[in-house]
1. With the alpha-carbon atoms as the only input, what is the per residue convex hull volume for chain A in Å³?
2. How much accessible surface area, in Å² rounded to 10, belongs to the heavy atoms of B:T95 with a 1.4 Å probe?
3. List the residues of segment A:113-129 for which accessible area in the full set of protein chains is at least 20 Å² lower than for the chain on its own; 1.4 Å probe, protein heavy atoms only.
4. Who wins for biggest fluctuation among A:Q261, A:Q151, A:Q212 in a Gaussian network model of chain A, springs between alpha carbons below 10 Å?
5. Take every Cα-Cα distance within the protein assembly as shown, group them into 20 Å bins from 0 onward, and report for each bin the whole-number percent of pairs it holds.
6. Would you tally the net charge around B:M241, using a Cβ to Cβ cut-off of less than 12 Å, leaving B:M241 out, and scoring K and R as +1, D and E as -1?
7. Round to the nearest 10 and report in Å² the accessible area of B:S168, as given by a 1.4 Å probe over the protein chains' heavy atoms.
8. What is the calculated FRET efficiency for A:V291 to B:D188, with r their C-beta to C-beta distance and R₀ = 41 Å, to the nearest 0.05?
Amino acid sequence: MTMWKPKSLAQRRKLMLFGLLTPPTVFLAVFFIVPLGIMLVYSFLEPGLYGGVVWSFSDLNYGRILGWADTKYEKFDPVYLGILFTSVRLAGLTVLLTMLICYPAAFWISRMSAGKKNLFLFLITLPFFVSLVVRLFAWVLILRPTGFLNQALIGLGIINEPLEIIYTDLAVIIGMTYVFIPFMFLPLYASVEKLDMSLIEASADLGGTKLQTFLRIILPATLPGIVGGSIIVFIPALGNFIVPSVLGGAKVLMIGNLIEQQFLSARNWPFGAALGMMVMGTVLILLIYYVRLLSREDKNAEAK
Amino acid sequence: MLKSLRKRISALSVYGFFFFAFVYAPILLIVVFSFNANPVNMMIWDGFTFEWYKTIFGYQTALTESALYIDSTEKLHDAVKNSLLIAFTTTLISTVFGTAIALAVARFRFRLRGFYRGLMFVPMIMPDIILGIALLVFFVSVGINLSVVTIIIGHCTFLTSYVFVVVSARIADMDEALEEASSDLGADGWTTFRRVTLPMILPGVIGGALLAFIISMDDLVITYFIAGVDSTTLPVHIFGMLRRGIKPEINAIATVMLLFSIVIATVGLYLRSRKP
């Protein structure tokens, strides 16, 4: 009898674990892992004449983007790489702007009293819960030729003609910066909060200038937050097609818009899948870099 | 020294003011101009009106009697109904799934534990357009018609992760000894779960559920790709309006959505901030 009970307990725990994991595992395997696998496979197939795919291997979908092609009908066009670079540039500028805006704000809030801190953190996260389309629509109202900004500038006598801001790269960058502020703020704040203020005082006492203190103490100490925030902003910004299609109109094309076109209007799924895989590849490289950076930080911490 | 310190703090506070102005001005603008009576240019103030609120709630007014308006109001109401149905169902499923995986990973040792932990972060770091098109390709290839059901499935695939993260954080704060004490006192696994574990993690579960609800209500990218012809949601509907041309009642729709999200977010953040 005594031998039987623990065995049953172990078995019962096994059964419990099985019960907990099986339903979500089956669900995620079928609706998450399989779809991503299908997309990877499709990126190596030929497009069907009227949408869909032809089951024959082809690396031309990548060739059209990266520079090889057969002469028959799949042509290499540098325009695709150009769009990828445009996307990287716009996403990069978004990262830079959100960082410049959030860095001082993180210091500002980190110096508040505990109660005030919580209130202000809440106020910063709150717009994040306001519908994305609603927030972008607000920027349409502000940036349009007849919009709020132009009316204010004309009213103040600063300009005579309305500025053409909407449907430019600038409008897209403003929109993405606005949307991704919470993504940058929270990781930055987490590392600024941990910063030991006595180190800054020590640096000043030892005769360090403000610039030296910033470059040699504050910047290295908050680096994980800077890199983390940058990656969390860069990833959704890179593949974004909502902001460019609302604020960039037909004039600003990012890789996300190109992917959308390939799937919904051009109906060239293999090519669209290959473009998607290029985005995924870029994201993966970034993440591997970040994980390496973090593990190096850990090793440094251990060495100390 | 003290003087320069004070100066620096006040400079930061001025910065803080502009920071919040930047974050909140666009939102306030929508709320204010949702009461603007000007039907042509939304940005030129032409008197106060409730017209647009009446329109979106389906009351006919002199301005909106035309068949075109009634049709678009009906579409709006269908989109709202779809959004709510999808959000409720998704929340229910993803909360159960996410909590189950969080419990399994936190309380059991098994070979694939690390795999599950990693897997649950993949949907959060993947660009949503990738998941959107992968699901579209999958549903069409397998021959499943795009509908409200496919949207619910799509939402559950990534919202399970969000629930997992929120619930896991709560379990990490919890004292495992309480569960051990419960089983030492003779409670079986189910009783321990119901009487000890669940009440302790409940704020995390509710917080995760509210987050899932709000993200499901707002999701645009994934829904956009897998929404069939008859299964528009509210964000997709508004996105369409933004692309086709803006009508003044969009301000009122946005304001109502805003109020709705703020109420849910406030409840959620309040529950999350409560200590275990």
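1. Output value, Cα hull per residue: 271 Å³.
2. Its heavy atoms expose roughly 20 Å² to the probe.
3. In segment A:113-129, residues shielded by partner chains: A:F122, A:L123, A:I124, A:L126, A:P127, A:F129.
4. Maximum fluctuation in the GNM of chain A, among the listed residues, is at A:Q212.
5. Result returned by the calculation: 17, 49, 29, 4, 0.
6. That sum, taken over residues with Cβ under 12 Å, equals +3.
7. My reading of the accessible area for B:S168 is about 30 Å².
8. 0.50
The values are calculated or read from the model by the stated rules, or taken from the named source; none is laboratory data. Predicted model, so just to flag it, every value in this text is computed and none were measured. Heads up, the Cβs are rebuilt from the backbone with ideal geometry, glycines too, and the neighbour counts pull from every protein chain shown. Ligands, DNA and RNA are excluded from the accessible area calculation, which covers all protein heavy atoms including side chains. Shrake-Rupley method; radii C 1.70, N 1.55, O 1.52, S 1.80 Å.
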